[in-house]
Amino acid sequence: MGGRLTFYEFFAGGGMARLGLGEGWACAFANDFDPMKAAAYRANFGGEDFREGDVWKMTVADLPGRADLAWASSPCQDFSLAGGRAGLMGGKSSAFFGFWRLIEALAKEGRAPRAIVVENVVGLFTSHGGRDFEAVCAALAGAGYRFGALEIDAAAYVPQSRPRCVIVATQDAPPPRPPGPPPSRAVREARARLHADLRWRWIDWSLPSSPRRNQDLAALLEPDDAVTWRSDAETAALVAQMGTLHRARLDAALAAGERRVGTAFRRMRGTAQRAEVRFDGVAGCLRTPRGGSSRQLVVVTEAGRVRSRWLTAREAARLMGLPESFVLPATENAGLFLAGDGVVAPMVRHLAAEILEPLLAPRPAKAA
């Protein structure tokens, strides 16, 4: 494909991993089972390399050639608290094994990807006492891969707190590179829990710091007159749901006397619903809007007044690092769902530039 690195994109959503990998990469195959996501993918990238449908129904005949990389942002609900921590045997995250059977089938044909990235929520590190993380590592090891993991927060790239577990596996020896930042505690503990037969395959990946993020939340929001604000009564009800800590944050923003922009979620704490607010210039982690508590609110204090409104789909897209030209679904809810279920494109770009491209680049032949 013109000398570019090639990739398969599983659980592709709207193609955010493709956006992050960039023009130096060529997509050979992409897949998602959700019709809305499939339509968004086609609207932005065309459908020539896209296959809509359940990954369990795909066959190796759908996968052309041998890709340099297979990217899998497998469904995360069963690794998260919201999914009840059902783990790899949960109804959604078990799709990982639908993906994995294709990798095994490719290996039998001598077409296994040179590298694999599995991206998921940080709950994967600890789900079922670490057994789910170990199951992924065991699958990789069984196919001849070495692997390691990183904990990456999208807040380094966009004004959104979105920590993720990223497992990078390779059939090639990693190129020499200078030492980077030490692994996070979650990564260290996940590695320590692995059986010795897996630990020897571990690679200590490190990701140098990204260029400093130069935007905060307020810079990505629509103008005040372009959005619909909630009523004063609805905002007062939101404030009434704040506990002591979060009410103190709101009062401090009001006391500043200047415009302050924050976000809020409503969460169940025990038997009561509580509103939790932040004014640190970073949005909370976007979620899929399955219920009112999963939708994020924008909260603005100015001139002694508090206003609130719902985050828009276009604002959510910006928080995922998507360009203004990215075509969102027609409905607001679908756009929020697409963004909340995606991967942050600038994070993918940084990972590709610092780890994947050096790993997969042609290397000079050794002198005889």
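The values are calculated or read from the model by the stated rules, or taken from the named source; none is laboratory data. Note that this is a predicted model, so its numbers are computed, not measured. Cβ: placed from backbone, ideal geometry, glycine included. Neighbour counts: every protein chain shown. Heads up: the accessible areas ignore ligands, DNA and RNA and are worked out on the full protein's heavy atoms, side chains in. Shrake-Rupley method; radii C 1.70, N 1.55, O 1.52, S 1.80 Å.
Structural remarks
- In segment 44-65, the qualifying residues are those that are open to solvent by 40 Å² or more (accessible area, probe 1.4 Å), touching a strand residue (DSSP E or B) at 6+ places or on another chain (Cβ under 8 Å) and part of a loop (DSSP other than H, G, I, E, B), and the one that is nearest to PRO113 (Cα to Cα) is GLY65.
So that you can scan it fast, the table gives a plain yes or no per residue for (1) open to solvent by less than 10 Å² (accessible area, probe 1.4 Å); (2) touching a Lys or Arg at 6+ places or on another chain (Cβ under 8 Å); (3) among the hydroxyl-bearing types (Ser, Thr, Tyr); (4) not in a helix (DSSP H, G or I):
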site: ASN120; (1), (2), (3), (4): yes, yes, no, yes
site: PHE125; (1), (2), (3), (4): yes, no, no, no
site: LEU150; (1), (2), (3), (4): no, no, no, yes
site: PRO176; (1), (2), (3), (4): no, no, no, yes
site: ALA186; (1), (2), (3), (4): no, no, no, no
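- Qualifying residue in segment 107-114 (condition: in contact with a strand residue (DSSP E or B) (Cβ under 9 Å, 6 or more places away or on another chain), within 30 Å of PHE279 (Cβ to Cβ) and surrounded by fewer than 21 Cβ atoms within 10 Å (Cβ to Cβ)): no
- Of the helices (runs of 4 or more DSSP H) lying entirely inside segment 287-359, the ones with 1 or more residues being among the acidic types (Asp, Glu) are found at 313-319, 332-340.
- Residues that are free of Cβ contacts under 8 Å to residues at least 60 places away in the same chain and either in a loop (DSSP other than H, G, I, E, B) or crowded, with 20+ Cβ neighbours inside 10 Å (or both), drawn from segment 267-283: GLY270, THR271, ALA275, VAL277, PHE279, ASP280
- Pairs with Cβ under 6 Å, 6+ apart, first in segment 195-206 and closer than 23 Å to PRO179 by Cβ, second open to solvent by 50 Å² or more (accessible area, probe 1.4 Å): ARG201/ARG146; TRP202/ARG191; ILE203/ARG146; SER206/PRO181
- In summary, LEU207 fulfils each of the numbered conditions (1) surrounded by 15 or more Cβ atoms within 10 Å (Cβ to Cβ); (2) not in a loop (DSSP other than H, G, I, E, B) with the single exception of condition (2).
- Among the residues of segment 331-363, those that are open to solvent by less than 30 Å² (accessible area, probe 1.4 Å) and of a type in the set (Val, Ile, Thr) comprise VAL343, VAL344, VAL348, ILE355.
- Among the conditions (1) modelled with pLDDT under 95; (2) out of contact with any Pro (no Cβ under 6 Å at 6 or more places or on another chain), the only one that ARG295 does not satisfy is (2).
- Scope segment 117-135; condition touching a helix residue (DSSP H, G or I) at 6+ places or on another chain (Cβ under 7 Å) and aliphatic (A, V, I, L, M); matching residues: VAL118, VAL121, VAL122, LEU124, ALA135
- The residue list LEU286, LEU328, LEU297 contains one member that is under 18 Å from ALA264 (Cβ atoms), in contact with a helix residue (DSSP H, G or I) (Cβ under 6 Å, 6 or more places away or on another chain), buried (at least 18 other Cβ atoms within 10 Å of the Cβ) and not small (Gly, Ala, Ser), which is LEU286.
- Cβ-Cβ under 9 Å pairs, at least 6 apart or on other chains, segment 315-340 side farther than 18 Å from ALA283 by Cα and in contact (Cβ under 8 Å) with a residue 12 or more places away in the chain, far side among the β-branched types (Val, Ile, Thr) and open to solvent by 10 Å² or more (accessible area, probe 1.4 Å): GLU332/THR312
- Members of segment 2-19 that are small (Gly, Ala, Ser) and open to solvent by 30 Å² or more (accessible area, probe 1.4 Å): GLY2, GLY3
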